[in-house]
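The values are calculated or read from the model by the stated rules, or taken from the named source; none is laboratory data. Note that the structure is predicted; figures quoted are calculated from it, not measured. Positions of Cβ are backbone-derived with ideal geometry, glycine not excepted, and every protein chain shown enters the neighbour counts. When the accessible area is computed, the model is the full protein with side chains, heavy atoms only, and any ligands, DNA or RNA have been set aside. Shrake-Rupley method; radii C 1.70, N 1.55, O 1.52, S 1.80 Å.
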Amino acid sequence: MCQEKKVIAIMGPLCLSTFCSLLLISSTHGQTETDPPTTVSSKTSPTTPANTSPVSIQWESETLNEGQAIQKALQYLLQHRQPDWGWGNDTHHVMLTLQLANNTGKEIEQQGLEMQLSAKQMDIEILLMMSKHHESPPPLGRLAAYTLALGALCKDPRSFHGRDLVAALLHREPPHDLEFAYATLAACSSAAHVRRRHIRRLLDIANAAADHSLDTISMVILALRCVVQDHRHRSLIHFVRRPMAGLARQQHPDGSFGSLTTTALAIQALEDSDSGPGAHQHWSLPSARKWLLERQKADGGWGDVALTAAAIAALTPASLAAVRPPHCSDKLLDSRHEPLDSNGGDGSIKLAYYSGQTSNDSDARNVSFTYTLWLGTNVTENFTLHMVAPRNVSFYHVMQMAAEQNPKFKFEASEWPNGHYVHTLAGHKEEPMGYHYWLLYRLPETPDPTSPPGNQLVAPVGVDDLLVEDGEHYLFWYKKL
């Protein structure tokens with residue numbers, strides 16, 4: 001049953017994914033290398049096509065016709081499964097759709113051999129993508145889509161066959177706001193750390209909604225809703241209401257928001273608006289769904305697999321704002337989220353870090369490392385802490401934790417658009433006139449003053465983007481350049 005040869009045979013040039021408009025391809029920016037974001041989700045019990053095993057899906061429809069339409073759509077997806085048990089470039093879209101449609105309390109791949117093979121096929125596709133881009137970053141949109149699909153299947157994308165897909169997402173700052181929002185949504189849905197500056201960029205986009213496409217605003221709303229719900233930043237809901245209302249006002253008289261993909265994405269962004277934000281005053285969900293249903297073809301699809309998955313996502317209660325099933329929480333690594341402010345005020349949450357001793361959680365969820373301060377070019381003072389922290393925590397948070405543990409590690413930093421710049425540690429402030437600066441090193445072994453590290457070991461990123469790793473050693477050295 002080896003599937004690798006079959007997978008390689010079908011892996012050709014990447015086709016347009018579910019939301020082809022999400023790339024914001026225009027004459028201004030031209031074609032981007034990143035695959036567009038995609039969306040898929042649903043809930044129903046499809047009729048099982050020939051040569052496929054039953055998929056346990058339950059869905060309570062508002063109308064019989066709508067329920068039958070979704071059944072036909074899911075049947076269409078299963079009928080278009082390829083001989084290798086995947087769906088070409090849309091395997092992850094369909095797996096996400098089927099998992100979100102599943103209401104049995106267990107992963108879809110546990111419900112039959114065919115679905116197990118489809119899940120394995122998706123794993124193979126991810127590994128092939130990562131191998132293909134071994135020396136260059138993989139396409140951001142495709143990486144985000146895979147991350148969402150893995151999270152829906154209760155697989156931790158931060159530990160996928162030794163690869164951290166979420167770290168690969170967060171270490172890049174996409175120039176296009178749509179791609180950024182999609183990557184942030186994928187990270188949030190994986191219970192991963194969402195940085196404060198990422199939340200601020202989402203809010204900046206939301207505040208300038210008139211300058212962005214409907215696809216971008218929809219994705220920003222979905223990402224912010226995930227942050228609000230999963231990260232407990234409840235005060236952020238106030239900032240979500242205005243862009244939701246603005247998006248709702250863009251509904252056309254026929255019920256659509258333009259294209260099928262844009263309409264499907266807008267529905268997901270707005271479908272829960274009647275629970276608080278108030279956008280329901282400006283749009284009609286039944287009209288939007290009716291517009292989609294009228295475009296369903298006789299075979300149950302909407303033209304192809306990707307468009308069909310997008311339509312299913314819009315027609316069912318499932319939403320990209322809540323991809324990860326509740327029962328997956330104990331299967332994913334603990335998340336640690338950054339507060340919006342430093343004083344613990346409204347909109348922030350307290351960080352739960354562990355230092356100096358192991359917590360009740362499994363040691364596999366934490367990383368152990370050392371944090372050292374050196375003062376002087378000749379190292380006249382040397383301080384070291386042995387620390388334990390959750391995985392995927394930024395070094396900036398480690399510095400906060402260390403400052404609470406030992407006064408020698410207290411620091412001051414300036415905040416810039418691209419993160420924090422540390423200028424004072426242990427009471428010593430940088431002196432540009434004397435060429436004395438703080439340099440951060442990431443080292444494979446404990447720093448030795450008799451054999452100081454070279455500049456090639458200076459950390460490649462700032463304190464906000466540097467994630468601590470197990471067994472590594474971090475050195476902040478105050479020296480003359």
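Some observations on this one:
- Residue count, the stretch 245-262 (criterion: surrounded by fewer than 22 Cβ atoms within 10 Å (Cβ to Cβ) and touching a residue at least 60 places away in the same chain (Cβ under 8 Å)): 2
- Any hit, the stretch 81-88, residues being modelled with pLDDT of 85 or more, crowded, with 19+ Cβ neighbours inside 10 Å, farther than 21 Å from Pro157 by Cα and not acidic (Asp, Glu): yes
- Sole exception among (1) in a loop (DSSP other than H, G, I, E, B); (2) at pLDDT 90 or above; (3) among the hydroxyl-bearing types (Ser, Thr, Tyr) for Ser136, by number: (2)
- Out of Leu178, Leu214, Leu224, sole residue that is of a type in the set (A, V, I, L, M, F, W, C) and open to solvent by 40 Å² or more (accessible area, probe 1.4 Å): Leu214
- Check on Tyr441, of a type in the set (Phe, Trp, Tyr) and farther than 28 Å from Ala192 by Cα: no
- Count - residues of the stretch 194-203 that are farther than 17 Å from Glu415 by Cα and open to solvent by 10 Å² or more (accessible area, probe 1.4 Å): 1
- Remark: pairs (first residue in the stretch 211-222, of a type outside the set (Val, Ile, Thr); second residue open to solvent by 10 Å² or more (accessible area, probe 1.4 Å) and part of a helix (DSSP H, G or I); Cβ separation under 6 Å; 6+ apart in sequence or on different chains) = Leu214/Thr262; Asp215/Ser21; Asp215/Thr262.
- Within the stretch 438-450, one or more residues are free of Cβ contacts under 8 Å to residues at least 12 places away in the same chain and more than 28 Å from Asp164 (Cα to Cα).
- Helices (runs of 4 or more DSSP H) contained in the stretch 153-269 and holding at least 1 residues under 21 Å from Met129 (Cβ atoms): 165-170, 177-189
- The set of residues from the stretch 463-481 being surrounded by 18 or more Cβ atoms within 10 Å (Cβ to Cβ), under 21 Å from Trp416 (Cβ atoms) and not hydroxyl-bearing (Ser, Thr, Tyr) comprises Val463, Asp464, Asp465, Leu466, Leu467, Phe476.
- Here the stretch 453-462 is the region considered, the condition is being small (Gly, Ala, Ser) and under 21 Å from Phe409 (Cβ atoms), and the residue that is least open to solvent (accessible area, probe 1.4 Å) is Ala459.
- Residues in the stretch 131-168 that are open to solvent by 10 Å² or more (accessible area, probe 1.4 Å) and touching a strand residue (DSSP E or B) at 6+ places or on another chain (Cβ under 9 Å): Asp164, Ala167.
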